[in-house]
Amino acid sequence: MTSSIASERQALEARARSLVLPKGFVFGAATAAYQIEGAPQADGKGESIWDRFCRLDGVIADGSSGDIACNHYHLWREDIAVMKDLGLDAYRFSLAWSRLFPLGAGRANATGFAFYDRLIDGLLEAGIEPFLTLYHWDLPQALQDKGGWYSRETAEHFANYAAAAAAAYGDRVKRWTTLNEPWTFCWSGHATGEDAPGLNDGAKGGVSASHHALLGHGLAVPAIRAEIADASVGIVFDLNVVEAASSDPADVAAARRFDGAQNRWFLDAVFKGRYPDDMLALYGKLLPDIRPQDNAIIAAPVDYLGVNIYRRSVIAEGTELAPLNFQRIQPEGSYSAVNYEIWPRCIYDILHYVSDNYAPKAIFISENGVATKPETVSSDGHVWDDLRAKYYVDHLEEVSKAAGEGVPVKGYFAWTLTDNFEWAYGYTTPFGITHVDFATQVRRIKYSGKIFAIIAGEGKTLTETKPSARLA
Ligand code: FCB
């Protein structure tokens, strides 16, 4: 190692140590069922839309799937050991709906329920708080066959599933998230077809799916509360700081449309009880059947908002996704392996945007992280992901600044605990703070994980950068 790298690392560690975050701030890492679990048919699990989608030709960059992924279904104890080594306070994970209800509704699968019982008990024994997400994109295929998120009935099935999960786990799990990123799963899944179920129906598909998904959220909130008196219930949105590419009125209008589609459509519905007028007018005939009672259902009060933030969006007028008619501009700068601009200020700006305009009671950064090309273990046994380590310090400094200004940000979850199946990118763009050797399933905490552990304040130091003895 050259002395300049060593001194850069020392400087970063010093910044990590001096970060100030509010008392009680929750540090965690996040994952999603399909991205880590594997075992798609184990113990009576039903097929999900991601199981089906990955079988299509050419949809996943490396032709892979989540069939094995991190084999977390069998190796969950090792993953809890990693979380302990990282000093995490909390773990955000999702349930695979089709493990609990193989057909999405109707018959429950007791062995599927039992898996999450074991996981939750293991987390609690390790002193790690479970933050449970009900829906992270893996709709049971049987419900897709009946129309999926184009159908109002899916919203009702979702609420029934939420109630059953709450009844099963509510004695131990108090933090409940209904949906993860409706903007992405509705639009990438139904407008552009990049994600499951792979429908290419343009804005009409995105808007229709998003209304029914939000309706599902709104029905699930009281269903969860009915089972768990002291539940803290929220939703996770993927938000972007949107900037116009120029002061040209056409670009400004396009940026406003994009902000309306990705941010305000969802935030206004949940926090203001109605969709934004400009977007209702823009979507016009593309809108699904929005019934008079729907707005009030969707606006069921939530205890927190989860914000997934990865980038800003610099937007000009263009031709993408009529009637949004925008194009994304790439400002000069550095970019991650999934081509997201690395721009730490986005997290500060989005915290203010949300807090200033919507005043949620509490905000969690429910995902933030960076993709690289696949990494290798160096000859000293470490994975030196310096870029990612710096990313976390840079971004948490911005969180600290916003918290210092009174934004009620209560916690931060790194995306992601371990390298895993990154949807359409397959295994080509790892995001983990823990490396996974997919041939052997060995987990090895990366340098970014060590930095994260320092920030989480668990007294880990860099002299301990041996891979976990249990795992190496
Ligand atoms: C988010 C998803 C998550 C992961 C990260 C990189 O959009 O919620 O599953 O893919 O992006």
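Values computed for the structure shown
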item: Other-chain or far-sequence residues with amide H under 5 Å of ILE329's (modelled H); result: VAL314, ILE315, ALA316
item: Partner lysines for LYS204 [C-alpha distance under 29 Å; skip if fewer than 8 residues away on the same chain]; result: LYS146, LYS272, LYS285
item: Charge tally in the Cβ shell below 11 Å around SER188, where Lys, Arg are +1 and Asp, Glu are -1, SER188 excluded; result: -4
item: Accessible area of the stretch 3-465 belonging to carbon and sulfur atoms, whole % at 1.4 Å probe; result: 51
item: Loop-resident sites, the stretch 36-130, for chymotrypsin sites (Phe, Trp or Tyr not before Pro), counting at most 13 other Cβ within 10 Å (DSSP); result: none
item: Amide proton proximity set for ALA414, modelled H, under 5 Å, gap of 5+; result: GLY28, ALA29, ALA30
item: From phi via Karplus (6.51, -1.76, 1.60), per-residue ³J(HN,Hα) for the stretch 284-291 in Hz, x at Gly/Pro; result: x, 5, 7, 5, x, 5, 9, 8
item: Residue-normalised accessible area of the chain, given per residue in Å² at a 1.4 Å probe; result: 37
item: Antiparallel content of DSSP bridges confined to the stretch 3-465, in %, to 5; result: 20
item: Alpha-carbon Rg with Dmax, taken over the stretch 226-273, Å; result: 15.8, 52
item: Hz values of 3J(HN,Hα) by residue in the stretch 405-418 - Karplus curve (6.51, -1.76, 1.60), Gly and Pro given as x; result: 8, x, 5, x, 8, 9, x, 8, 10, 6, 9, 8, 4, 10
item: Hydrodynamic radius (Kirkwood) for the chain, which is based on Cα pairs only, to one decimal in Å; result: 22.4
item: Neighbour cut-off at most 13 other Cβ (10 Å), DSSP loop, trypsin sites (Lys or Arg not before Pro), the stretch 47-129; result: ARG55, ARG107
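The values are calculated or read from the model by the stated rules, or taken from the named source; none is laboratory data. Given the structure is predicted, the values throughout are model-derived calculations rather than measurements. All Cβ positions, glycine included, derive from the backbone under ideal geometry; neighbour counts span all protein chains shown. Keep in mind that these areas ignore ligands, DNA and RNA; they rest on the heavy atoms of the full protein, side chains included. Shrake-Rupley method; radii C 1.70, N 1.55, O 1.52, S 1.80 Å.
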